[in-house]
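Just so you know, all these numbers are worked out from the coordinates, no wet-lab data involved. All figures in this text were calculated on a predicted structure; none of them were measured in a lab. So basically every Cβ, Gly included, is an ideal-geometry build from the backbone, and we count neighbours across all protein chains shown.
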Amino acid sequence: MSSQHQSAHPVLGPIPANSLPARAGIGLKAQHYQEILERGADIRSIGWLEVHSENYMCAGGPQLNWLTALCERYPVSLHGVGMSLGTAGPLDAKHLKRLVDLERRVEASHVSEHLSWSIAKNAQGGGDYLNDLIALPYTEESLDVFCGHVEEMQDALGRRVLIENPSSYLRYEHSVIPEPEFLLEVAKRSGCGILLDVNNVYVSAHNHGFDAHAYLDQIPADLVGEIHLAGHSQTVIDGRAILIDDHGSPVIDDVWSLYEYTIARLGPIPTLIEWDSNIPDLDVLLGEAAKADRILAAAHPPEEVRHVAVG
């Protein structure tokens, strides 16, 4: 990305907007809309909220009304799961326009997407839409495609986005670029920031046998605008234990330890508790966020003010 292109996408501060220190947030779920609004100022454990963009890409209706009301009280981050930045060919223009409209409406503090693909296009312009985020083959060709799509997304939004590292369960034989190197090259070429999912690093490290700490050591602090934490499950396939990033349980102790290591190295960074299945009571989510807040508060911020590649 040229310096002119980079300057077109402003660099904003971390969530909570215009506020330090960094705080933990929770993923917003429909089950909790009314309780969050009713409890209001009583809920001091919510630093910010994150939503899946696709759930709110509509012209109106109850979902959007709830989100609009909550945006008046809390900073909100948009986390996309359907842009399929790794798919060859142009992005879905209608999907991108809906994201732009939503971002303008909620004045999102962060906008993020995944280092993945989920749409297999055909020659007629249609395609198969897969209900999953599939890892990319890490090649020069896929790097070119992905970077081009990140730039297209940023140009439409007029701001930088964050790209999240995936959890993975297989490797492509023709991958030639290590994942951290691929992610950093995306950031270098496109000017985007990184959403560092610590649970995903843990899951992938277990499944593929690499060192999670060594992966994290390659990620520079100035690129990371947000961190994700979540629970995962375990299954056994052909006698081998495989971890599944299902966001359906509390964060395990080993991931909390990896998170503490990450914050000690990078400094305090806004952190989200993801919980997308088997949704618990709101107070359970708040308890997880409180754990992250304690770790953030205990970390010593860098001497200089951090400017992260987000917004």
- Message: Treating the stretch 3-298 as a set of equal point scatterers at the Cα positions, no solvent, please give the Debye-formula log₁₀ I(q)/I(0) at q = 0.07, 0.11, 0.14 Å⁻¹.
- Response: -0.25, -0.64, -1.08
- What order do you get for 167-178, 219-230 when each peptide is scored by the mean count of other beta carbon atoms within 10 Å, highest first? 219-230, 167-178
- Query: Quick one: which of Lys29/Lys188; Lys29/Lys94; Lys94/Lys188; Lys29/Lys291 span more than 30 angstrom between C-alpha atoms?
  - Reply: Lys29/Lys188
- Around Ser168, which amide H atoms from residues at least 5 apart in sequence, or from another chain, sit under 5 Å from its own amide H, with H modelled in the peptide plane? Ser204
- If each of Arg39 and Ser233 carries a label point 7 Å out from its Cα toward its Cβ, how far apart are those two points in nm? 2.6
- Burial-style ranking of 135-141, 269-275, 148-154, average other-beta-carbon count within 10 Å with highest first, yields 269-275, 148-154, 135-141
- Message: Once you place label points 7 Å from the Cα toward the Cβ at Ala88 and Glu141, how far apart are they in nm?
- Response: 0.5
- Can you run phi through the Karplus equation (6.51, -1.76, 1.60; θ = phi - 60°) for the stretch 196-211 and list ³J(HN,Hα) in whole Hz, with x for Gly and Pro? 8, 8, 5, 5, 4, 4, 4, 4, 5, 4, 5, 5, 10, x, 9, 8
- Peptides 202-215, 74-87: what's the order by average Cβ count within 10 Å, highest mean first? 74-87, 202-215
- When the chain is fully extended, how far beyond the present Cα-Cα distance does Asn55 get from Ala298, taking 0.36 nm per residue of separation? 84.0 nm
- Message: Could you give each residue of the stretch 55-61 its phi-based ³J(HN,Hα) in whole Hz, using Karplus coefficients 6.51, -1.76, 1.60 with θ = phi - 60°, and x for Gly or Pro?
- Response: 6, 10, 7, 9, 7, x, x
- Task: Please go through the stretch 49-101 and write out the trypsin sites (Lys or Arg not before Pro) that DSSP classes as loop and that have at most 12 other C-beta atoms within 10 Å.
- Result: none
- Message: Quick check: pseudo-label points 7 Å beyond the Cα along Cα→Cβ at Asp211 and Tyr172, how many nm apart are they?
- Response: 2.7
